[in-house]
Amino acid sequence: MESPETSNTDPPSDCIIPGGTKLLTNIPDALMLPELICGALVWILVASIDVFDKFSQGWVIFVSILLFVLTLLLLICYFLGWPRSSTAWCFLDACYHGMAALFYSTAAVLQANSTLRLQNTVLRKQYQTDIAATIFAFIATVLYVVHAVFSFKRWKTV
């Protein structure tokens, strides 16, 4: 007879999101720090220039700040070990990073479009800053996509 601690209702060990410092050694979750760094760089770079395309770059700023804050809150929750034994948190993690990848892909494309519009202007420093913001926006997109793929794989192994 099985004890209640080892019943079939417990999530498998590979679906439990690790807490503490183990969080930084797990492949999808270790990507949260680079996501935060790239997101912060996009936010800082776009905020440091004169914005000509207010709607496009406003969306870029909104996405970068929103996802920075949400990813930071999720990282803190995971680090404290709050959602460790729930498969629902694996699904939430996968869905969050999938939506974040979608949001960042739109922001990266809009940032690239704004950068191309500055290509033939005399604002060389602003153009170079826009190029850096575009590169980091696409890097953040790739990080969120990779995190989403690994999170969905983790969730599907339930």
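Side notes on the structure shown:
- Those residues of the range 80-136 which are open to solvent by less than 20 Å² (accessible area, probe 1.4 Å) and of a type in the set (D, E, K, R), in sequence order: Asp93, Asp130
- Inter-residue pairs, beta-carbon under 7 Å, first of a type in the set (Val, Ile, Thr) and in the range 47-58, second open to solvent by less than 70 Å² (accessible area, probe 1.4 Å) and part of a helix (DSSP H, G or I), 6+ apart: Ile49/Gln126; Ile49/Thr129; Ile49/Asp130; Val51/Gln57
- Qualifying residues in the range 73-120 (those that are part of a loop (DSSP other than H, G, I, E, B) and within 21 Å of Leu24 (Cβ to Cβ)) - the one modelled with the lowest pLDDT: Arg84
- Among the residues making up the range 59-117, those that are of a type in the set (Ser, Thr, Tyr), over 17 Å from Ala47 (Cβ atoms) and in contact (Cβ under 8 Å) with a residue 60 or more places away in the chain are Tyr78, Ser85, Ser86, Thr87.
- Residue satisfying all of: in the range 14-73; polar (S, T, N, Q) and open to solvent by less than 60 Å² (accessible area, probe 1.4 Å); farthest from Thr129 (Cα to Cα) among these: Asn26
- Flag if Asp50 is assigned to a helix (DSSP H, G or I) and of a type in the set (D, E, K, R): no
- Ala132 vs. criteria of a type in the set (A, V, I, L, M, F, W, C), under 19 Å from the mean Cα position of the chain (by Cα) and farther than 24 Å from Asn26 by Cβ: yes
- Residue in the range 137-153 that is more than 19 Å from Leu33 (Cα to Cα), part of a loop (DSSP other than H, G, I, E, B) and out of contact with any Cys (no Cβ under 6 Å at 6 or more places or on another chain) present: no
The values are calculated or read from the model by the stated rules, or taken from the named source; none is laboratory data. Keep in mind the model is a prediction, meaning the values are calculated, not measured. All Cβ positions, even for glycine, are placed from backbone atoms using ideal geometry, and neighbour counts span all protein chains on display. Calculation scope for accessible area: heavy atoms of the full protein, side chains included, ligands and nucleic acids excluded. Shrake-Rupley method; radii C 1.70, N 1.55, O 1.52, S 1.80 Å.
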